[in-house]
Amino acid sequence: MSESRNAILGKLRAGRDAHPLPPPESDFAVLRNKRWDGAERLERIKRMMEAVHTEFLETTEADWPTDVQAFLKAQGTRNLLFGPATEAGARLSAEWTASGMAGGPELIPYADRVETFKERLFDGIDAGITTTLGAIADTGSLIVWPTPEEPRLMSLVPHMHLALLRADALYDTFWQAMTENRWADGMPTNALLISGPSKTADIEQTLAYGVHGPKRLVVVIIR
Amino acid sequence: MGETSINFAKASSAALQDQQLRGNFRRAMDGLMSKRAVQFADTAEWNGVRTLGASVRLRALSKLPELLEKLEANCTKNGIQVHWASTTDEANAIVLSIMQRVNAKLVVKGKSMVSEEMHLNAFLEKHGIESLESDLGEYIVQLDEAMPSHIIMPAIHMNTKQIAHLFKQKIKEAEYTEDVAQLTDLARRVLRKKFATADVGISGVNMAVAETGTLCLVENEGNGRMSTTVPPVHIAVMGLEKVVEKLEDVPPVISLLTRSATAQPITTYVNMISSPRKEGEKDGPNEIHLVILDNGRSGIYADEELRNTLRCIRCGACMNHCPVYTKVGGHAYQAPYPGPIGSILMPQVEGLEKRGELPHACTMCNACVEICPVKIPIVEIMGRLRSEAVHPGDAVKGAGSHASKAEAMVWKGWSMTYASPLAYQFATALLAKLGNAAPASLPLLKEWTNVRSKPRFASRTLHALAREKGIPDV
């Protein structure tokens, strides 16, 4: 252990013990009491996220792969990065081929480590699609936990991020989502809340989208 | 004042002459204040979450040494390497040694106030490493070879035209444009190449969770995610006060932080990092290092009153609402942290010899205290530091350094006059007779009469007038 570590902790302990500070109680009622009805939650999420330029695509469990494909074709998107090893990825790839839309976007699997894939990722990918763990009504945020099958950069580097959201996986607050699902028992490498496309107001308070991350965020709501 | 002291009075006076600067700040701060008010329009909710946020910060401080040990243990368990630095020199040396081990030439940096405190960019450049700011505001300021003027919006002192000229002058492929979308797009093109090729990414930490060993970062741009995900090595630097006890403490603090800072219900990205890349994962850094910096904080922590400074969540609301900051802007403070929080933090970190003027950059109006989401008694601490600056003591580095013999004598005389009825009568009678003859240019009086009319003394004292009305002296 470093000398500095022991010196710092020693000083902190001496300072605190000379003048103890009784730990105050924390009352989380203000978060516990924030509640919305089922339908209201989704409306609120849409309203809040649309206010920061998020787009929504409504679809169903049966149709979402073909709806996504049709949407991207209409946008002129050249390709879509996806995780082939996820359940959603498997469906996407099965139905993509089956739908046989000529001239539609190409599916590109995120199958290699970033070291060998970086150049293509940064220069050749238009869109990426990921699943979500749900969304939060209080702030209008998607919960995204990247995995080996759906790596971190899929939701960051492509110009468009499509996020699959099941309409029944909604929470009232960030606090509720993490306490109900006991996140503290095992956090992943990286957990994210994403609430819109990348943005900045650093030039004279003028909002601009897509400064470093995706220029567009499209939430695919699956009912 | 010593040679290295900062001259706020001179710098603020120059800032006040700069109409463009004043306009830029006035507009920005007015907008932020009104937008923030909308976010906290529900008073009961504001009171509830503010009390909760303050309790989270105070609880963390009450267990600070234990929580830092727990944070270290959990980070280590997760594969994050933890380093401790007593000084900024030591923190810089730790960062450099990691860079040298991996032979780093290019570093991309997310916004971090602690790295400003460390003057990390200049240090790395000196050692042949290019350190590039990737937050757009920080990037602009770095191109301009200036300092950030606000802790949340570093380039708030510049308008679009000034930035357009700067880009044209400093970026090779730039065409002159005042279109904000095009300027932003240009920065995106330049910086994307850097993210893809950087050897190391550096970030700050908004909060570190002891319970889970998680580093939380909030941002809008995605540059923080890029810097902490793309390069093979991630180094996070944080002041030792940034720890919170539990994961569930994060949501209320983030809510207060983002709403207070930029009036957003939440930032675009809330990034929670708990480990380097694991077996089977395809991206993310292979190494994560956390540098925990003291730089005077353990000294601040030892004092019961000053310790409250360490509650700060760096939202910048105090500066947005400060009548002094909004007039003179951030550069006048010549410090990494400007505004009210800087005026109390900087003298404690760097000493009153160098920063003793900053606690005077305050009208004691209490606006910062009313707005502070974690209820820091900024004005009380400001008063305390003013007093420490002139009285010998050992709580704050450089206590007593601003003591002036003339001022001490004036106060002593004042106290003696008020303690003795005879001396008081003599003094008031003298001022009634001769006070108005004193020229406005007298030392001490001059400071007042520079911008105000000279006070006029009545020809007869209150005591004399009272006696005439038959009211006896007590």
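The values are calculated or read from the model by the stated rules, or taken from the named source; none is laboratory data. Keep in mind that what you see is a predicted model, and the values were worked out from it rather than measured. Cβ placement follows ideal geometry from the backbone for every residue including glycine, while neighbour counts extend to all protein chains displayed. Side chains included, ligands, DNA and RNA excluded: accessible areas come from the protein's heavy atoms. Shrake-Rupley method; radii C 1.70, N 1.55, O 1.52, S 1.80 Å.
Between a residue in the stretch B:55-77 that is within 20 Å of A:ASN6 (Cβ to Cβ) and modelled with pLDDT under 95 and any residue that is part of a loop (DSSP other than H, G, I, E, B) and open to solvent by less than 10 Å² (accessible area, probe 1.4 Å), which pairs come within a Cβ distance under 8 Å, given they are 6 or more apart or on different chains?
So the pair list comes out empty.
Examine the stretch B:155-171 for a residue that is more than 10 Å from chain A (Cβ to nearest Cβ), outside any helix (DSSP H, G or I) and under 26 Å from the mean Cα position of the chain (by Cα), and state whether such a residue exists.
Looking for residues that are more than 10 Å from chain A (Cβ to nearest Cβ), outside any helix (DSSP H, G or I) and under 26 Å from the mean Cα position of the chain (by Cα), one finds at least one in the stretch B:155-171, hence yes.
Tell me which of these B:GLU173 doesn't satisfy, since it passes every other one: (1) charged (D, E, K, R); (2) surrounded by fewer than 24 Cβ atoms within 10 Å (Cβ to Cβ); (3) at pLDDT 95 or above.
The single condition B:GLU173 does not satisfy is (3).
Just checking, which of B:SER255, B:SER260 is more than 10 Å from chain A (Cβ to nearest Cβ) and either in contact (Cβ under 8 Å) with a residue 60 or more places away in the chain or farther than 28 Å from B:GLU350 by Cβ (or both)?
Of the residues listed, the single one that is more than 10 Å from chain A (Cβ to nearest Cβ) and either in contact (Cβ under 8 Å) with a residue 60 or more places away in the chain or farther than 28 Å from B:GLU350 by Cβ (or both) is B:SER260.
With among the acidic types (Asp, Glu), under 22 Å from the mean Cα position of the chain (by Cα) and not in a strand (DSSP E or B) as the only criterion, which of B:GLU45, B:GLU125, B:GLU90 stands out?
On the way: B:GLU45 fails: under 22 Å from the mean Cα position of the chain (by Cα); B:GLU125 fails: under 22 Å from the mean Cα position of the chain (by Cα).
The conditions single out B:GLU90.
Are any residues in the stretch B:295-345 open to solvent by 10 Å² or more (accessible area, probe 1.4 Å), within 14 Å of another protein chain (Cβ to nearest Cβ) and of a type in the set (D, E, K, R), and if so, which ones?
B:ASP303, B:GLU304, B:GLU305, B:ARG311
Taking A:GLU40 as meeting all but one of (1) within 20 Å of A:SER155 (Cα to Cα); (2) touching a residue at least 24 places away in the same chain (Cβ under 8 Å), write down the number of the exception.
(1)
This table checks each residue for (1) modelled with pLDDT of 95 or more; (2) over 11 Å from the mean Cα position of the chain (by Cα); (3) among the aliphatic types (A, V, I, L, M); (4) open to solvent by 10 Å² or more (accessible area, probe 1.4 Å).
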residue: A:ALA167; (1), (2), (3), (4): yes, yes, yes, yes
residue: A:LEU170; (1), (2), (3), (4): yes, yes, yes, yes
residue: A:MET178; (1), (2), (3), (4): yes, yes, yes, no
residue: A:MET187; (1), (2), (3), (4): yes, yes, yes, yes
residue: A:GLU204; (1), (2), (3), (4): no, yes, no, yes
residue: A:TYR209; (1), (2), (3), (4): yes, yes, no, yes
residue: A:PRO214; (1), (2), (3), (4): yes, yes, no, no
residue: A:LEU217; (1), (2), (3), (4): yes, no, yes, no
residue: A:ILE222; (1), (2), (3), (4): yes, yes, yes, no
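With the structure loaded, tell me whether B:LEU32 is at the interface with chain A (Cβ under 8 Å from one of its Cβ atoms), open to solvent by less than 40 Å² (accessible area, probe 1.4 Å), of a type in the set (A, V, I, L, M, F, W, C) and part of a helix (DSSP H, G or I) or whether it fails that test.
No, not satisfied.
Looking at A:ALA14, is it at pLDDT below 95 and either on the phi < 0 side of the Ramachandran plot or surrounded by 18 or more Cβ atoms within 10 Å (Cβ to Cβ) (or both)?
So A:ALA14 fails the test.
Having 2 or more residues that are aliphatic (A, V, I, L, M) and at negative phi is the bar; report the helices (runs of 4 or more DSSP H) wholly within the stretch B:347-395 that clear it.
Where helices (runs of 4 or more DSSP H) fall fully within the stretch B:347-395 and carry at least 2 residues being aliphatic (A, V, I, L, M) and at negative phi, they are B:367-371, B:378-390.
Looking only at the stretch B:264-292, how many residues end up being at the interface with chain A (Cβ under 9 Å from one of its Cβ atoms) and either more than 27 Å from A:ALA135 (Cα to Cα) or assigned to a loop (DSSP other than H, G, I, E, B) (or both)?
Final tally of qualifying residues: 17.
On the basis of being assigned to a helix (DSSP H, G or I) and touching a Gly at 6+ places or on another chain (Cβ under 8 Å), does B:CYS318 make the cut?
Taking the combined requirement at face value, the residue satisfies it.
Kindly check whether there is at least one residue in the stretch B:116-139 that is among the β-branched types (Val, Ile, Thr) and within 11 Å of another protein chain (Cβ to nearest Cβ).
No - not one qualifying residue is present in the stretch B:116-139.
Could we say that B:VAL250 is more than 7 Å from chain A (Cβ to nearest Cβ), surrounded by 22 or more Cβ atoms within 10 Å (Cβ to Cβ) and part of a strand (DSSP E or B) here?
It is false that B:VAL250 is more than 7 Å from chain A (Cβ to nearest Cβ), surrounded by 22 or more Cβ atoms within 10 Å (Cβ to Cβ) and part of a strand (DSSP E or B).
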